[in-house]
Amino acid sequence: MLQKKDNKKNFIALIVVALFLALVLVLDQVIKPTDKMSMLLTVLQKGSVYALAAVSMNLLNGFTGLFSLGHAGFMLVGAYTYAIFTIPAESRDTVYQYYDAAIRVSFPEVLRSGLGSFGTVLGVVLAVVLAGLVAAVFAWLIGLPVLKLKSDYLAIATLGFAEIIRAVFQWGKLGPVTNGSNLLKSFERISTFKLTVGETTIKMSTFVPVLIATVCIALIVLLVNSTYGRSFKAIRDDEIAAEAMGINLAKHKMISFVTSSFFAGVAGATMAMVLGIAQASNFKSAMTYEILLMVVLGGIGSITGSVIGSVLFVAASEWWLRGLDSGVFLGINAPGIFRNGFRLVVFSVIIMVVVLFFRKGIMGDKELPDLLKPRAKKASKKASKKEVTK
Amino acid sequence: MDLLQSTLPYLISGISVGGQYALIAIGYTMVYGILRLINFAHGDVFMVAGLVMVYLSAAMPLYIAIPLMILLTVALGFTIERVAYKPLRNAPRMSVMISAIGVSYLIQNLALYITGGLNKNYPAIPWISDKVTIFGMETTRVTVITPFLTVILVAALVLLINHTKIGMAMRAVSRDFETAQLMGIKINSVISATFIIGTFLAAIGSMLYFTNYPGVVPTSGGMPGLKAFVAAVFGGIGSIPGAVIGAFIIGICESIIKGLDTILVVNGVITEQVGFSTFSDAFTFALLIIVLVFKPTGLFGEKTTDKV
């Protein structure tokens, strides 16, 4: 009975997601870059990057209770891996101005020669997956010493490791791989993503990041709902009790940490393809803080919350509150007050209000489907009664 | 002799930087000792102290500007505690930490808005930014007086904590928050006093720190703040002498790593520059991780046991 209901729910969810993706693909074709609505596309692109980053952080902070602040570091690893493996041969020398490029492979290029425009897509996908894997390896190495630490010590140690990663990637001696402190550019970016079928070209510049984020978030949802996910929650609620129940703390913490970093790496790769550049100095701890604030805004421990939080965050800072920076907001013209930076001030005040007075964020620890059933409380009560009688 | 000659400048500037870190680290360690909170906003308060000094010194003579700057910084520290931390006193520790990160974000953005993101030149304070010559090398006077000033201030603080009523209250609160409350200690005023002392020292530290740097930008509080926190952890968080010794060690190590290329080249160990200076920040964090893994309580920290 329960199984059947679940199947039905999954089916509906799948349809909703498919419709959403189709809508994005249509928007991609309809909206031109010069349109006023092109902001919507920017929001969708950046929103999906941050949504993925926020959800992966939530997996660690909200579901496993490991307060880690190393996200920017793993995103950096992902962004660099993606960038390095998609720089085409002809622009390699201009990118690596001061060094001899050590890695001379570009996945999309290699596959394009065999498979046409489909090869480009496959190459990009491969590079993204590799980005996640490299980030995961870094996370495994870092996790070995760090995961033994408790709460704030863990936070500060992961923050420290993110800073170390940043320093290592900027080191001149690694220049042939990372291009030192110079930025990486000219790699495959979203504006060039097109699929040619016969005569028609389908633009996919928004569709690709959204698709990557959707698939990854779906995977995280599956993980959270699995046995592993339940173990994570048990660790979050009470470490000692979880250990007493036979959960291997070290193993589960490591799984959560590595998985979260894998998806952070993917988010970093997506960010690189959206922005078109990758530079280590952009991945400061401030980026981790921003992602953390998105998670808090949406509600710690809610995946839907993180998605909503990050899309709202991006939409507000990129689109709705733009006027605060450029002189005119809601029809009020006050260039003296509404000048550069005011948007971020207003924004941080809103966040402080949420942190102080609405500590649960937008969703608390609920998911979207929970809100759609008004009698959820009763049903869960019944279910728990049944379990007891069993 | 060559080794000493080439290392000395870095050693002296390291001691000076260490003293500045020590003044910031005390704010971290005291707040952590009492509230068990990493006050992420402390580094930004330090930056604000620098900015306030820039603006005040443009408007009034220094002998008014300096005390007023210290007063305003202390007021800021006090306000932050009252507005952002006090309402969360009974909330989980993670919430308070997030609130601290939020405050740090807010202060940085506010500073960005006010300054327009431009580098603000720090005023030259007469006497302390004069050039002096010691051991045959030229440096500013602030480099020389910083360690002494730090030691004097720390000694005064230790006296305050060990021999006054408020100091006793602080020790009691850091030992056991709830029992202290039951014994009639007004914890809110004790916590406020802690923040006032911490920000006071950070304000003085900012004066010494920024004199040696070209200017203040909204993000210039972040790194010194994090390093001071590492110093506090290194020395054993909650312990004031520990924080000071940790800060000096970190300051010296960092400064020597910055100059390691030059030192090694001069002494003929290596023939070309390797670029160690990139790692001067990373080293601090590597040290932090080593300490946390092998001796989580730091050099002078007390052992804590978890109760089920």
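One line per residue, one yes/no per condition, for (1) in contact (Cβ under 8 Å) with a residue 12 or more places away in the chain; (2) over 30 Å from A:V274 (Cα atoms); (3) over 23 Å from the mean Cα position of the chain (by Cα):
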| residue | (1), (2), (3) |
| --- | --- |
| A:T206 | yes, no, no |
| A:A213 | yes, no, no |
| A:C216 | yes, no, no |
| A:I220 | yes, no, no |
| A:V224 | yes, no, no |
| A:Y228 | yes, yes, no |
| A:A234 | yes, yes, yes |
| A:A242 | no, yes, yes |
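Going by what's in this entry, would A:K150 be described as among the basic types (K, R) and within 7 Å of chain B (Cβ to nearest Cβ)?
no
Residues checked against (1) within 11 Å of chain A (Cβ to nearest Cβ); (2) over 29 Å from A:A280 (Cα atoms):
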| site | (1), (2) |
| --- | --- |
| B:I197 | no, yes |
| B:N212 | no, no |
| B:G222 | yes, no |
| B:G242 | no, yes |
| B:G251 | no, no |
| B:K258 | no, no |
| B:L288 | yes, no |
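Identify, by number, the condition in (1) out of contact with any Leu (no Cβ under 8 Å at 6 or more places or on another chain); (2) surrounded by 19 or more Cβ atoms within 10 Å (Cβ to Cβ) that A:S226 doesn't meet.
The single condition A:S226 does not satisfy is (2).
Yes or no: segment A:36-45 includes at least one residue that is at pLDDT below 80 and either in contact with a His (Cβ under 7 Å, 6 or more places away or on another chain) or basic (K, R) (or both).
There is at least one residue in segment A:36-45 that is at pLDDT below 80 and either in contact with a His (Cβ under 7 Å, 6 or more places away or on another chain) or basic (K, R) (or both).
A:E243: of a type in the set (D, E) and under 25 Å from A:V128 (Cα atoms), yes or no?
no
Tell me whether segment A:177-185 contains one or more residues that are of a type in the set (V, I, T), in a helix (DSSP H, G or I) and within 14 Å of another protein chain (Cβ to nearest Cβ).
Yes: one or more hits.
Which of the residues that make up segment B:75-95 are surrounded by fewer than 21 Cβ atoms within 10 Å (Cβ to Cβ) and β-branched (V, I, T)?
B:T79, B:V83
Grab the helices (runs of 4 or more DSSP H) fully contained in segment A:294-390, keeping just those with 1 or more residues being modelled with pLDDT under 70.
Once the helices (runs of 4 or more DSSP H) in segment A:294-390 are filtered for at least 1 residues that are modelled with pLDDT under 70, what remains is A:323-326, A:368-372, A:376-389.
Looking only at helices (runs of 4 or more DSSP H) that fall completely inside segment A:1-114, which ones have 1 or more residues that are among the aromatic types (F, W, Y) and in contact (Cβ under 8 Å) with a residue 60 or more places away in the chain?
Result: A:2-30, A:38-58, A:71-84.
Counting only residues that are within 11 Å of another protein chain (Cβ to nearest Cβ), of a type in the set (A, V, I, L, M) and buried (at least 20 other Cβ atoms within 10 Å of the Cβ), how many does segment B:260-286 have?
Selection size over segment B:260-286: 1.
Out of curiosity, is B:V45 in contact with a strand residue (DSSP E or B) (Cβ under 8 Å, 6 or more places away or on another chain), assigned to a helix (DSSP H, G or I) and more than 14 Å from chain A (Cβ to nearest Cβ)?
Taking the combined requirement at face value, the residue does not satisfy it.
Does segment A:158-169 include one or more residues that are part of a helix (DSSP H, G or I) and farther than 18 Å from B:F283 by Cα?
No: segment A:158-169 contains no residue that is part of a helix (DSSP H, G or I) and farther than 18 Å from B:F283 by Cα.
For segment A:160-186, which positions are among the aliphatic types (A, V, I, L, M) and over 25 Å from the mean Cα position of the chain (by Cα)?
A:L174 - this is the single residue of segment A:160-186 that is among the aliphatic types (A, V, I, L, M) and over 25 Å from the mean Cα position of the chain (by Cα).
Report whether or not A:K251 is free of Cβ contacts under 8 Å to residues at least 60 places away in the same chain and either in a helix (DSSP H, G or I) or farther than 18 Å from A:L52 by Cβ (or both).
Against the criterion (free of Cβ contacts under 8 Å to residues at least 60 places away in the same chain and either in a helix (DSSP H, G or I) or farther than 18 Å from A:L52 by Cβ (or both)), A:K251 qualifies.
Just wondering, is there one or more residues in segment A:127-142 that are within 14 Å of another protein chain (Cβ to nearest Cβ), part of a loop (DSSP other than H, G, I, E, B) and modelled with pLDDT of 80 or more?
Within segment A:127-142, not a single residue is within 14 Å of another protein chain (Cβ to nearest Cβ), part of a loop (DSSP other than H, G, I, E, B) and modelled with pLDDT of 80 or more.
Would you be able to tell me the number of residues in segment B:256-285 that are part of a helix (DSSP H, G or I), out of contact with any Leu (no Cβ under 7 Å at 6 or more places or on another chain) and not aliphatic (A, V, I, L, M)?
Number satisfying all stated conditions: 12.
Working carefully through the options B:Y113, B:Y85, find the one that is assigned to a helix (DSSP H, G or I) and more than 7 Å from chain A (Cβ to nearest Cβ).
B:Y85
The values are calculated or read from the model by the stated rules, or taken from the named source; none is laboratory data. Everything numeric here is computed off the predicted structure, so don't read it as measured data. Ideal geometry is used to build each Cβ from the backbone, glycine not excepted, and the neighbour counts take in all protein chains shown.
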